[in-house]
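The values are calculated or read from the model by the stated rules, or taken from the named source; none is laboratory data. These figures come from a predicted structure and were not determined experimentally. Cβ: placed from backbone, ideal geometry, glycine included. Neighbour counts: every protein chain shown.
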Amino acid sequence: MHCTAASPDRPATRERLADVRIVITGAAGRIGRQMTLELADSHELVLLDRKQPKARKWIRVDLTKRGPRRRYGPDSPVFSWEHHLEGADAVLHLAGNPSPRASLPDALRANVEGTWNVLEAASRQGVPRVVYASSNWVVRREIEAAHARNELPIRPPAGASPDTAYGLSKAAAELAGRMAVEDGRIDCFVTARIGRLEPRPVATERLSVPHRITIGRTDLRMLLRLCLERPLRGYHLVYGVSPVPSAAFDLDSTRRLLNWSPVDIPEGPTVEDRVTKTA
């Protein structure tokens, strides 16, 4: 079943999005491959990526490129790839420049312009929900400062405090999604500030920032699945880290919103374990 264009009178997004159409951008990336595996058995997937297809079939598109209009009017397609969103119930937007070392022009083009274009296309095609893979780099300066003061975890809502062009671009993309909801162009935009993806978190004495922002594969897959399937409207911000010792983010609000229970428990002895053994 396809939901029509966003409007104040439209009923809330369905309670579950099982067996419906989800577009995944950046499907060939690290997170994209994980989510394709997670969703393939229960959803109709449309896989988009700018890379040339290899073993798994996806559609090659560049989300930053505009194409010729096929007809004129306020609902006219602007992007040559826009028709791939037709009939979709949600977009899982993973595409972008993933490098924290990206230059400002590269980061803005891929992460801001690309996200803006996806939101425009989603609005015209009547896609009610966009789930956006943001990053801990949006609040990296605050994380570092709180870590230095021994005041982690950060408790939401946390405003943007990037320290790189990459973090700045992800923060701007979050704002673009919030604008789209407040303007009535889409029903729901979920921003997931994701930590560093690992096969499984590892417990360690090194309580540096990178070790406090890790998320395991299982936790990431379930977090994004719930962002797609939970009955939500409006703009929402969630945090994605596994329950590592002294994690950087307080997850209470994310757990309540999504009914999410992280299961990737760190492997190996924790600092607390060793203290207990030597006591």
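If I ask for residues that are more than 17 Å from the chain's Cα centre (by Cα) and without any contact (Cβ under 8 Å) to a residue 60 or more places away in the chain, which ones from region 175-189 would you list?
Listed by number, the residues that qualify are 182, 183.
Which condition number in (1) in contact with an Asp or Glu (Cβ under 6 Å, 6 or more places away or on another chain); (2) within 30 Å of residue 83 (Cα to Cα); (3) among the charged types (D, E, K, R) is the one that residue 155 fails?
Among (1) in contact with an Asp or Glu (Cβ under 6 Å, 6 or more places away or on another chain); (2) within 30 Å of residue 83 (Cα to Cα); (3) among the charged types (D, E, K, R), the lone unmet condition for residue 155 is (2).
Select from region 162-181 the residues that are assigned to a loop (DSSP other than H, G, I, E, B) and within 12 Å of residue 134 (Cβ to Cβ) and list them in ascending order.
If the condition is that a residue be assigned to a loop (DSSP other than H, G, I, E, B) and within 12 Å of residue 134 (Cβ to Cβ), then 162 is the only one that fits.
Of the residues that sit in region 1-35 and are hydroxyl-bearing (Ser, Thr, Tyr) and either in contact with a helix residue (DSSP H, G or I) (Cβ under 6 Å, 6 or more places away or on another chain) or modelled with pLDDT under 95 (or both), which one is surrounded by the most Cβ atoms within 10 Å (Cβ to Cβ)?
Restricting to residues being hydroxyl-bearing (Ser, Thr, Tyr) and either in contact with a helix residue (DSSP H, G or I) (Cβ under 6 Å, 6 or more places away or on another chain) or modelled with pLDDT under 95 (or both), the top hit is 13.
So, in region 149-174, how many residues would count as being free of Cβ contacts under 8 Å to residues at least 40 places away in the same chain and among the hydroxyl-bearing types (Ser, Thr, Tyr)?
1
Going by the structure shown, is residue 110 farther than 26 Å from residue 234 by Cβ, out of contact with any helix residue (DSSP H, G or I) (no Cβ under 9 Å at 6 or more places or on another chain) and part of a helix (DSSP H, G or I)?
In short, no.
Across region 66-93, which residue is farthest from residue 176 (Cα to Cα) among those that are of a type in the set (Phe, Trp, Tyr) and modelled with pLDDT of 75 or more?
Of region 66-93, the ones of a type in the set (Phe, Trp, Tyr) are 72, 79, 81.
Restricting the remaining residues to those that are modelled with pLDDT of 75 or more gives 79, 81.
On the way: 79: 18, 81: 20 Å.
Residue satisfying both the conditions and the ranking: 81.
Return the pair list, or none, for Cβ contacts closer than 7 Å from residues in region 225-246 that are under 17 Å from residue 135 (Cβ atoms) and of a type in the set (Gly, Ala, Ser) to residues that are at pLDDT below 90 and in a loop (DSSP other than H, G, I, E, B), at least 6 apart or on different chains.
What qualifies is 240/195; 242/201; 242/262; 242/264.
Please pick out the residue among 96, 184, 126, 159 that is surrounded by fewer than 20 Cβ atoms within 10 Å (Cβ to Cβ), modelled with pLDDT of 95 or more and outside any helix (DSSP H, G or I).
Details: 96 fails: surrounded by fewer than 20 Cβ atoms within 10 Å (Cβ to Cβ); 126 fails: surrounded by fewer than 20 Cβ atoms within 10 Å (Cβ to Cβ); 159 fails: modelled with pLDDT of 95 or more.
Answer to the selection: 184.
Does residue 200 satisfy the condition of being closer than 20 Å to residue 154 by Cα, outside any helix (DSSP H, G or I) and modelled with pLDDT under 95? Working first, answer last.
Values: closer than 20 Å to residue 154 by Cα: no; outside any helix (DSSP H, G or I): yes; modelled with pLDDT under 95: yes.
So residue 200 fails the test.
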